[in-house]
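Please treat every number below as a calculation from the coordinates, not as lab data. Small disclaimer: the values here were computed from a predicted structure and weren't measured. Neighbour counts are summed over all protein chains in view; Cβ atoms, including those assigned to glycine, are modelled from backbone coordinates with ideal geometry.
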Amino acid sequence: MNEIKPDEILDLKGVPCPMNFVKTKLKLEGMAKGKVLKIILDGGEPIQNVPASVRDDGHKVLKVEKAGEKWLVFVRKE
Amino acid sequence: MKAKDIKLDFNELRKGGIIRQRQKGYFILRTRIPGGHLKARMLPKLMNIAERYGKGYIHLSTRQCIEVPWIPVRDIDRLIKELKRLGIEKGACGPRSRNVVACPGASVCRFGFLDTEALAARLDKKFFGKDVPKKFKIGLSGCMNSCSKPQENDIGFMAQGEPEVNLDLCIKCTLCAKVCGEVCKRGGREPAIVMDETKRPVYRKEFCFFEGDCVRVCPVNAWKTKRTGYAVFLGGKVGRFPAFGQKISDFVSEKEIGGIIKRAIDTYNEIGEKGERFGDAIKRVGMEEVKKKIL
């Protein structure tokens with residue numbers, strides 16, 4: 001699980017809710033099934049909302065980890 | 001017809017949602033809209049009433065009803081007949097149970113555990129307009145956010161959910177413990193979810209207050225809602241001496257609610273003095289006594 005290689009990266013530092021999820025959704029829509037997106041998110045609301053919203057859209061959240069002040073979320077497009 | 005020839009029983013009118021206005025000769029029509037859920041096709045009818053009988057505007061009441069002010073006294077008879085024809089129901093005022101207030105709950109809200117809107121419609125059919133010593137308000141909220149403020153009602157129901165975790169699905173993201181810790185800290189409480197040394201959540205039910213953040217935040221659905229129900233608050237009021245309702249039960253099922261409200265109204269009529277709110281009567285008699293009669 002520690003060696004997840006993302007196919008795309010989306011940096012959402014400083015992007016507030018719900019725009020961060022909108023951008024994530026659009027990004028995932030443009031990706032092929034099975035590809036992995038790495039999202040960089042702020043703490044607080046963004047990390048509490050975006051992974052759950054991605055889950056609700058039917059994608060697979062593979063990993064969530066804290067990296068300093070930021071959070072890294074790995075999502076597989078389903 | 002001259003004004004003095006019109007005989008009006010004010011109490012009878014109040015019973016039927018026609019309220020005397022401060023301006024002489026004018027009345028306010030209060031409608032009945034349980035849970036604030038109104039079919040859109042009713043709006044043109046209400047617009048029509050407001051334009052023809054009132055001054056072309058409506059007022060949205062604090063209990064989710066539409067009110068039409070400025071009805072001249074001479075038009076009341078005609079108005080009442082027309083309301084019947086249009087299917088517009090009149091609201092309650094005076095010493096009786098009022099419009100049931102509710103948030104949309106699980107019908108559309110992502111926080112709602114249960115469908116409070118549908119429950120409001122059912123409870124309204126059973127408990128609207130019952131005679132009581134002062135007034136009786138029922139409020140429902142679909143989660144602990146309490147948007148519809150159930151604690152301010154004579155009896156309030158707040159939906160709650162008990163979570164459970166499937167550790168096989170957990171990806172050790174720690175978000176559940178994070179949100180739980182933050183919420184509990186704000187309330188000066190011990191967190192209900194803590195992490196063990198392998199970053200897996202440990203659920204401590206004794207500290208949980210069943211508000212569902214862990215289930216919402218979990219990105220892999222490892223947390224699920226095991227059971228839902230309503231917390232019951234009794235004796236809430238605002239007015240001159242405001243007091244929140246006291247919680248008397250947890251996880252009451254929808255089936256039990258009808259009986260609880262019925263017994264609450266009966267008890268209020270039994271112990272309440274004329275003009276006294278239920279909360280004040282409870283204070284006088286003692287909550288334990290009242291609880292025994294209701295639960």
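Would you mind getting me the FRET efficiency between A:Asp56 and B:Leu38? Use the beta-carbon distance for r and R0 = 35 Å, nearest 0.05.
For R0 = 35 Å, the calculated efficiency reads 0.75.
What list of ³J(HN,Hα) couplings, whole Hz, do you get for region B:108-122 from phi and the Karplus terms 6.51, -1.76, 1.60, once you set θ to phi - 60° and write x for glycine and proline?
So the Karplus estimates, Gly and Pro as x, are 9, 7, 6, 8, x, 7, 9, 7, 5, 5, 5, 5, 4, 5, 5 Hz.
Among the GluC sites (Glu not before Pro) in region B:165-269, which ones are in a DSSP loop with at most 12 other Cβ atoms within 10 Å of the Cβ? Mind listing them?
B:Glu197
Using θ = phi - 60° and the Karplus relation 6.51 cos²θ - 1.76 cosθ + 1.60, list the HN-Hα couplings for region B:268-280 in order, rounded to whole Hz, with x at every Gly or Pro.
4, 5, 6, 9, x, 7, 4, x, 9, 6, 4, x, 5
Considering only Cα-Cα distances, which of the following residue pairs are longer than 18 Å: B:Lys90/B:Lys137; A:Lys13/B:Lys178; A:Lys77/B:Lys224; B:Lys134/B:Lys237?
Check vs 18 Å cut-off fails for A:Lys13/B:Lys178; A:Lys77/B:Lys224.
Got the relative contact order for chain B handy, in percent, Cα pairs under 8 Å and 6 or more residues apart?
14
What does the average come to when, for each residue of peptide B:211-219, you count the partner chain Cβ atoms lying within 10 Å of its Cβ?
Going residue by residue through B:211-219 and averaging, the value is 4.
Please give the peptides A:32-38, B:135-141 ranked by average Cβ packing (other Cβ atoms within 10 Å per residue), highest first, as a rough proxy for protection.
Output ranking for A:32-38, B:135-141: B:135-141, A:32-38.
Quick check: net charge around B:Ala231, other residues with Cβ under 15 Å of its Cβ, Lys/Arg +1 and Asp/Glu -1?
-2
Could you calculate the contour length gain from B:Lys125 to B:Lys45, that is, 0.36 nm times the residue separation minus the distance between their Cα atoms, to one decimal place in nm?
Extra length from B:Lys125 to B:Lys45 when fully extended: 26.6 nm.
Which value at 222 nm does the protein assembly as shown reach when only helices count, each DSSP H run of 4 or more adding -39,500 (n - 2.57), with the total divided by all residues and rounded to the nearest 500 deg cm²/dmol?
-9000 deg cm²/dmol
Could you work out how far apart the two model spin labels at A:Lys23 and B:Glu197 are, taking each label as a point 7 Å from the Cα in the direction of the beta carbon, and quote it in nm?
Modelled inter-label distance: 4.0 nm.
Once phi is turned into θ = phi - 60°, what whole-Hz ³J(HN,Hα) does the Karplus curve with 6.51, -1.76 and 1.60 give for every residue of region B:175-192, x standing for Gly and Pro?
Residue by residue, region B:175-192 yields 5, 4, 5, 5, 5, 4, x, 5, 5, 5, 4, 4, x, x, 10, 5, x, 7 Hz.
Pop the C-beta distance of B:Lys283 and B:Lys24 into the FRET formula with R0 = 45 Å and round what comes out to the nearest 0.05.
0.70
Under 5 Å between amide H atoms, partner at least 5 residues away or on a different chain: which partners does B:Phe251 have, H built in plane at 1.01 Å?
B:Tyr230, B:Ala231
From Cα pairs below 8 angstrom and at least 6 apart in sequence, can you work out the relative contact order of chain A, rounded to a whole percent?
Taking the mean separation of contacting Cα pairs over the length of chain A, I get 35 percent.
Considering every residue in A:49-56, what mean count of other chain Cβ atoms within 10 Å of its Cβ is obtained?
Averaged over the peptide's residues, the number is 4.
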